[in-house]
Amino acid sequence: MKPLSALDPRGVRAVLLDIDDTLTTAGKLSAEAYAALERLKASGRVVVPVTGRPAGWCDHIARMWPVDAVVGENGAFYFYRAADRLEKRFRDSAADRASQRERLRAIGERILAAVPGCALASDQAYRESDLAVDYCEDVPPLPLAAAERIAALMREAGLHAKISSIHVNGWFGDYDKLAMTRRLFAERLRWDLDARNREVVFAGDSPNDAPMFAFFENSVGVANLNRFEQMSFARPKYLARQAAGAGFAELVRHLLPG
């Protein structure tokens with residue numbers, strides 16, 4: 001990975017970002033990080049959080065944050081405001097989502113019994129499409145080996161599974177953050193992301209960001225990405241010096257000097 005200072009900010013027109021431990025720090029959204037987000041939006045850049053967080057959170061984010069849209073639940077949907085109304089685009093139908101939630105509930109119960117110390121994420125009740133198992137947010141932190149065990153159990157049950165900085169997420173269907181980001185940009189902005197790759201920066205911090213790290217030429221990791229150095233996944237092209245929200249603010253200062 002190259003230092004962030006090596007990233008050429010010229011021509012960047014969109015910034016995509018993970019939320020937990022990329023924009024936030026230890027579960028909090030600092031004034032510095034939020035001000036950086038606001039500054040990006042005021043500059044005319046397209047700003048889109050791309051997160052594993054649930055539909056309930058994303059409803060609030062799309063309505064109230066200085067963003068153009070939000071991709072949530074690791075690519076299950078995107079939400080955006082249009083003409084003062086919140087619009088929602090899901091990958092799966094409401095009926096399919098309801099059926100999948102019943103199956104996910106049973107899988108979650110088996111995982112909790114098999115991996116002592118983990119728990120359903122506190123935001124599980126607000127999710128439409130995925131199962132989130134907490135290994136270090138509201139439970140005493142478990143080792144990464146436990147997170148990998150949770151992910152393996154999800155895959156054995158037929159789920160697509162990804163590890164974030166706080167949860168292990170599992171869902172039915174072969175999609176990810178990148179697939180829904182492509183759909184959002186094609187439908188809302190008429191952007192071909194293959195052709196306009198270098199106009200986009202993505203910032204993240206964990207293995208569930210790997211599809212974005214691999215695809216975007218201007219992908220950036222905040223410094224706490226290094227906690228996953230023993231795991232195998234696609235790394236970003238650039239690395240900030242600072243961690244979490246301070247690392248995101250560092251990125252914005254680099255993109256918008258002065």
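For region 223-233, the count of residues that are surrounded by 23 or more Cβ atoms within 10 Å (Cβ to Cβ) and either among the acidic types (Asp, Glu) or farther than 19 Å from ASP8 by Cβ (or both) is nonzero. Being of a type outside the set (A, V, I, L, M), open to solvent by 20 Å² or more (accessible area, probe 1.4 Å), in contact with a helix residue (DSSP H, G or I) (Cβ under 9 Å, 6 or more places away or on another chain) and assigned to a loop (DSSP other than H, G, I, E, B) is the requirement here; does ARG253 meet it? In short, no. Sub-8 Å Cβ pairs linking a first residue in region 105-118 that is closer than 16 Å to GLU148 by Cα to a second residue that is part of a helix (DSSP H, G or I) and open to solvent by 60 Å² or more (accessible area, probe 1.4 Å), at least 6 apart or interchain, are ALA114/ARG149; VAL115/ARG149; CYS118/LEU112, ordered by first then second residue.
Taking the listed residues ARG39, ARG53, ARG13, the one that is at pLDDT 95 or above, in contact with an Asp or Glu (Cβ under 9 Å, 6 or more places away or on another chain) and open to solvent by 10 Å² or more (accessible area, probe 1.4 Å) is ARG13, with no other qualifying. If you go through region 110-121 one residue at a time, do you hit one that is small (Gly, Ala, Ser) and crowded, with 20+ Cβ neighbours inside 10 Å? Within region 110-121, one or more residues are small (Gly, Ala, Ser) and crowded, with 20+ Cβ neighbours inside 10 Å.
Sort through PHE202, PHE233, PHE248 and tell me the only one that's of a type in the set (Phe, Trp, Tyr) and part of a helix (DSSP H, G or I). Result: PHE248 is the single residue among PHE202, PHE233, PHE248 that is of a type in the set (Phe, Trp, Tyr) and part of a helix (DSSP H, G or I). When you look at VAL50, is it among the hydrophobic types (A, V, I, L, M, F, W, C) and without any contact (Cβ under 8 Å) to a residue 60 or more places away in the chain, yes or no? So VAL50 does not fit the description; no. Candidates in region 209-230 are the residues that are part of a loop (DSSP other than H, G, I, E, B) and at pLDDT 95 or above; of these, the one that is farthest from ALA195 (Cα to Cα) is VAL222. Looking at region 174-215 only, could you name the residues that are closer than 30 Å to ALA106 by Cβ, open to solvent by 30 Å² or more (accessible area, probe 1.4 Å) and of a type in the set (Gly, Ala, Ser)? ALA179 - this is the single residue of region 174-215 that is closer than 30 Å to ALA106 by Cβ, open to solvent by 30 Å² or more (accessible area, probe 1.4 Å) and of a type in the set (Gly, Ala, Ser). Only one of the listed residues (ARG39, ARG81, ARG63) is over 13 Å from the mean Cα position of the chain (by Cα) and in a strand (DSSP E or B). That residue is ARG81. In region 172-181, which residues are over 14 Å from PHE79 (Cβ atoms) and either under 14 Å from the mean Cα position of the chain (by Cα) or touching a residue at least 60 places away in the same chain (Cβ under 8 Å) (or both)? Those that are over 14 Å from PHE79 (Cβ atoms) and either under 14 Å from the mean Cα position of the chain (by Cα) or touching a residue at least 60 places away in the same chain (Cβ under 8 Å) (or both): PHE172, GLY173, TYR175, ASP176, LYS177, LEU178, ALA179.
When you scan region 16-36, how many residues do you find that are of a type in the set (Val, Ile, Thr) and touching an Asp or Glu at 6+ places or on another chain (Cβ under 7 Å)?
Residues of region 16-36 that are of a type in the set (Val, Ile, Thr), as a first pass: 19, 22, 24-25.
With touching an Asp or Glu at 6+ places or on another chain (Cβ under 7 Å) added as a condition, the list becomes 22.
Number of matching residues: 1.
The values are calculated or read from the model by the stated rules, or taken from the named source; none is laboratory data. Because the structure is predicted, anything quoted here is derived from the model rather than measured. As a convention, Cβ positions derive from the backbone with ideal geometry for all residues, glycine included, and neighbour counts pool all protein chains shown. The area values use the complete protein model at the heavy-atom level, side chains included, leaving out ligands, DNA and RNA. Shrake-Rupley method; radii C 1.70, N 1.55, O 1.52, S 1.80 Å.
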